[in-house]
1. So what's the net charge close to residue 261: Lys and Arg +1, Asp and Glu -1, counting the other residues with Cβ under 11 Å from its Cβ?
2. Going from most exposed to least, what order do 146, 302 have by accessible area with a 1.4 Å probe?
3. Roughly what % antiparallel, to the nearest 5, for the DSSP beta bridges in the chain?
4. Probe 1.4 Å, all protein chains in place: accessible area of residue 287 in Å², nearest 10?
5. Here are several values of Rg and Dmax of the Cα atoms in Å: (1) 21.0, 65; (2) 18.8, 60; (3) 19.3, 63. Which one was derived from the coordinates shown?
6. Report the calculated FRET efficiency for residue 342 and residue 55 (r = Cβ-Cβ distance, R0 = 35 Å), to the nearest 0.05.
7. Just to verify a number: what accessible area does residue 164 come out at with the full protein assembly present, 1.4 Å probe, Å² rounded to tens?
8. Within 11 Å, Cβ to Cβ, of residue 303, how many net charges do the neighbouring residues add up to if Lys/Arg are +1 and Asp/Glu are -1?
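The values are calculated or read from the model by the stated rules, or taken from the named source; none is laboratory data. Keep in mind the model is a prediction, meaning the values are calculated, not measured. Every residue, glycine as well, gets a Cβ built from its backbone with ideal geometry; the counts of neighbours run over all protein chains shown. Surface areas here come from the heavy atoms of the whole protein model, side chains and all, with no ligands, DNA or RNA. Shrake-Rupley method; radii C 1.70, N 1.55, O 1.52, S 1.80 Å.
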Amino acid sequence: MATGFVCHELYMWHNTGNWAQVFPPGLTIQPGTHAENPETKRRIRNLVEVSGLLDELVQIKPRSATVAEIARVHTSEHIAHIKRLSDAGGGDASELTPLGAGSYEIALLAAGGAIAAGEAVASGAVTNAYALVRPPGHHARPELGMGFCLFGNAAVAIRHLQATGKVGRVAVVDWDVHHGNGTQAIFYEDPSVLTVSLHQDNLFPPNSGALAENGAGAGEGYNINVPLPPGSGVGAYRAAFERVVLPALHRFAPDMIVVASGFDASGVDPLGRMMLSSAAYREMTRMLLAAAKTLCNGRILMTHEGGYSEMYAPYCGLAVLEELSGVRTHMADPWEPLMAAWGGNDLQPHQAAVIEAAAALVARLPATR
């Protein structure tokens, strides 16, 4: 099993400024470090190297996406707006989306990195791939950036692979703790792309990601949200996979599975209130690998989204990459024994109720197998 890996130092040069986590500084807020800063992603890459796993991965060189490739997903006005802000030295693209000088070019490289990884998977050069790109993308809507995201990296890659005839039907599984509203908006009326988002209920964006948001027009039924209650642990996520994600994938039968991979559902993330550990991410990856082997010759593309614990996100990333590659390193997660002992990790009744409601939506998917 060959696993591709995309990363580039320029991703770390995307400058989100001296915000205080997610708030712009001012006379009442002391300047600090923006939550979406380079350190978490750089530390993921560093841990992968120090563990020895980097040597086992197929390095995929990213390229810059073209404006025409971005325009398959985003409006020309949005693309021009990001370029203007970047050329002028930076600003806020929209809601909670700061950028700096050169961020436009870096965002093109991030989307192009997702494309390059997707092409490698589609061609069979690798079985699966992880694109450790920055800035992230799953909140970016066709007409605006949002929630740290400039362009929809995964969506751009999907549209490119479809337009070039490399794939037809694509399933997106989003396990970021925040709702993948941008990906949902882009494919909401498209039956060729199934979107499934597991997220903390009503976290971000506000009033987004409800069960009732189930697709429209020709895409009705092809968007499934699982708005899990705060405090959900491995039991809830395992049940959501077993009762929603995997049945939906088997009914839809995609040519490729794309994962919007955020590690902010971890138990120590500052921007979420879930309880996942690296072992939980490893288990979800294992379940997706088994489904992909049956459905689409193992083809999985993961694009990196959130995850804001500098000390813990790297262990989650390493666990996912170990499962994708089938290579287990010597590197142990020091937090895992502590997290495994936390109370409330088992599936709770109020969590099961949400999952059962989402599972009922799977029956609306036309079965293709």
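1. -4
2. Numbers: 146 20, 302 0 Å².
Solvent-accessible surface, decreasing: 146, 302.
3. 15
4. Residue 287 exposes around 30 Å² with every protein chain in place.
5. (2)
6. So, using R0 = 35 Å, E works out to roughly 0.55.
7. Counting only protein heavy atoms, the figure is 60 Å².
8. For residues surrounding residue 303, the net value is -2.
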